[in-house]
1. Here are some residues: 11, 53, 42. Which one is within 13 Å of the chain's Cα centre (by Cα), of a type in the set (A, V, I, L, M) and surrounded by 13 or more Cβ atoms within 10 Å (Cβ to Cβ)?
2. Restricting attention to region 30-39, and to residues there that are exposed (fewer than 11 other Cβ atoms within 10 Å of the Cβ) and not polar (S, T, N, Q), which single residue is nearest to residue 18 (Cα to Cα)?
3. If we scan region 50-61, do we find a residue that is touching an Asp or Glu at 6+ places or on another chain (Cβ under 6 Å), under 13 Å from residue 5 (Cβ atoms) and not hydroxyl-bearing (Ser, Thr, Tyr)?
4. I'm told residue 64 meets every condition in (1) touching a residue at least 40 places away in the same chain (Cβ under 8 Å); (2) loosely packed, with under 15 Cβ neighbours inside 10 Å except one. Can you identify the failing condition by its number?
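The values are calculated or read from the model by the stated rules, or taken from the named source; none is laboratory data. Just so we're clear, the structure is a prediction, and the values are computed from it rather than from any experiment. Every residue, glycine among them, receives a Cβ derived from its backbone with ideal geometry; neighbour counts consider all protein chains shown.
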Amino acid sequence: MAKVAKVVTIIGSSPESFAKAADAAVQEAAKTIRGITGADVISMSAEVDGNRISEYRTTVNIAFGVESS
């Protein structure tokens, strides 16, 4: 039988780095999604305040297996 995965898109943010923003997205998704198998960073952006980055953002696709009954 073929295995099936589902993908959801999450946006994470951090005042520290893109990596921490991506990690925040995965950690938040893990609160309600079981069996996460992968994360793919789709895009990165930042909010700028006073000529400095104030918030890093990542858009992350989170993959997890579909449970069969």
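1. Values: 53 fails: within 13 Å of the chain's Cα centre (by Cα); 42 fails: surrounded by 13 or more Cβ atoms within 10 Å (Cβ to Cβ).
Going through 11, 53, 42 in turn, the sole match is 11.
2. Keep residues of region 30-39 that are exposed (fewer than 11 other Cβ atoms within 10 Å of the Cβ), which gives 31-32, 34, 37.
Those left that are additionally not polar (S, T, N, Q): 31, 34.
On the way: 31: 21, 34: 24 Å.
Ranking the qualifying residues of region 30-39, first place goes to 31.
3. There is at least one residue in region 50-61 that is touching an Asp or Glu at 6+ places or on another chain (Cβ under 6 Å), under 13 Å from residue 5 (Cβ atoms) and not hydroxyl-bearing (Ser, Thr, Tyr).
4. With (1) touching a residue at least 40 places away in the same chain (Cβ under 8 Å); (2) loosely packed, with under 15 Cβ neighbours inside 10 Å applied to residue 64, the lone miss is (2).
Let's see how each residue does on (1) modelled with pLDDT of 95 or more; (2) in a helix (DSSP H, G or I):
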{"residue": "3", "(1), (2)": "no, no"}
{"residue": "9", "(1), (2)": "yes, no"}
{"residue": "24", "(1), (2)": "yes, yes"}
{"residue": "28", "(1), (2)": "yes, yes"}
{"residue": "45", "(1), (2)": "yes, no"}
